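Encoded as structure tokens, the structure appears first; notes follow it.
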């Protein structure tokens, strides 16, 4: 089960230091922190399992009660999410280890493990992936790690994407410096830590961890994946804070020009600004008194391609939208 709690002042200061709370306008709406953990939230009965889904390509994997691995990998078959329990189409497979394993391996009972798809035992299957779908408005931090489940001259490529846009990626393989005790942390991937923190989300936004083989056949990798959701409890219907509204930018993604529409219930000071993934101010679109009602601003981008955040702030209220600038 996901763990929920209301952050106290010490935790709030820690989140600010970690980059999860970028702007400092006071007072803020209350924020609730919910931690979703792939391992702790695991289910062998439902898929999707709350916000989690175990998939091959875009298809939900069915459940098998006695997955037998490949060529006697398991002394006892175990529950798993896979297309079939045996045969040439039983990959990819995602499971939380519970059975005796007959091969030399680097995972323990209770670890989540994925065997990537290949053209020998995954005929007709899509890429192995696990998704988390946001149930609320707020901001998320993604954390976790990957390592090879055994050392037999194979490897897997991992990638993390958000709504189809890749945030970071990396490779694990036989002979690399990573193992269960010291796995490859997601922050060691191509994007570093910045793209994995302070990501504004709306209901239905999707985080995906995908694994594909780098050698001819696929292989096992251990997985740890956690999503921390800071939910703004001052958010009303439609994901807008109670006294301001920032509509989804259009077009998004875009290259040169984006239209931003927003509304303010009461006349007063407002700030509309663009930030990069580190929280650095990129462009100030409006900063001053604004009349109550609907407003429209065009952002003529002159920035490198990448992920940015547009934030509308009034005293005590903030709403943020994620945008993608194409290269």
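A compact table of results
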| read-out | value |
| --- | --- |
| Test result for residue 224, modelled with pLDDT of 85 or more, assigned by TED's automatic domain parsing to the domain that holds residue 170 and in a strand (DSSP E or B) | yes |
| Per-region count, the stretch 87-102, residues closer than 19 Å to residue 116 by Cβ and either touching a strand residue (DSSP E or B) at 6+ places or on another chain (Cβ under 8 Å) or surrounded by 17 or more Cβ atoms within 10 Å (Cβ to Cβ) (or both) | 9 |
| Hey, residue 156 buried (at least 20 other Cβ atoms within 10 Å of the Cβ), at pLDDT 95 or above and out of contact with any helix residue (DSSP H, G or I) (no Cβ under 8 Å at 6 or more places or on another chain) or not | yes |
| Failed item in (1) surrounded by fewer than 12 Cβ atoms within 10 Å (Cβ to Cβ); (2) under 17 Å from residue 252 (Cα atoms), with residue 320 passing the rest | (1) |
| Residue in the stretch 281-294 that is surrounded by the fewest Cβ atoms within 10 Å (Cβ to Cβ), counting only those that are modelled with pLDDT of 90 or more and under 17 Å from residue 259 (Cα atoms) | 284 |
| Qualifying positions in the stretch 201-229 - over 20 Å from residue 38 (Cα atoms), in contact with a strand residue (DSSP E or B) (Cβ under 7 Å, 6 or more places away or on another chain) and surrounded by fewer than 21 Cβ atoms within 10 Å (Cβ to Cβ) | 214, 215 |
| Enumeration of residues in the stretch 101-144 that are free of Cβ contacts under 8 Å to residues at least 40 places away in the same chain and closer than 22 Å to residue 45 by Cβ | 109 |
| Entirely in the stretch 40-133, the strands (runs of 3 or more DSSP E) that have 1 or more residues that are touching a helix residue (DSSP H, G or I) at 6+ places or on another chain (Cβ under 9 Å) and under 30 Å from residue 231 (Cβ atoms) | none |
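The values are calculated or read from the model by the stated rules, or taken from the named source; none is laboratory data. Everything numeric in this text was worked out from a predicted model, so none of it was measured. Backbone-built Cβ (ideal geometry, glycine too); neighbour counts: all protein chains shown.
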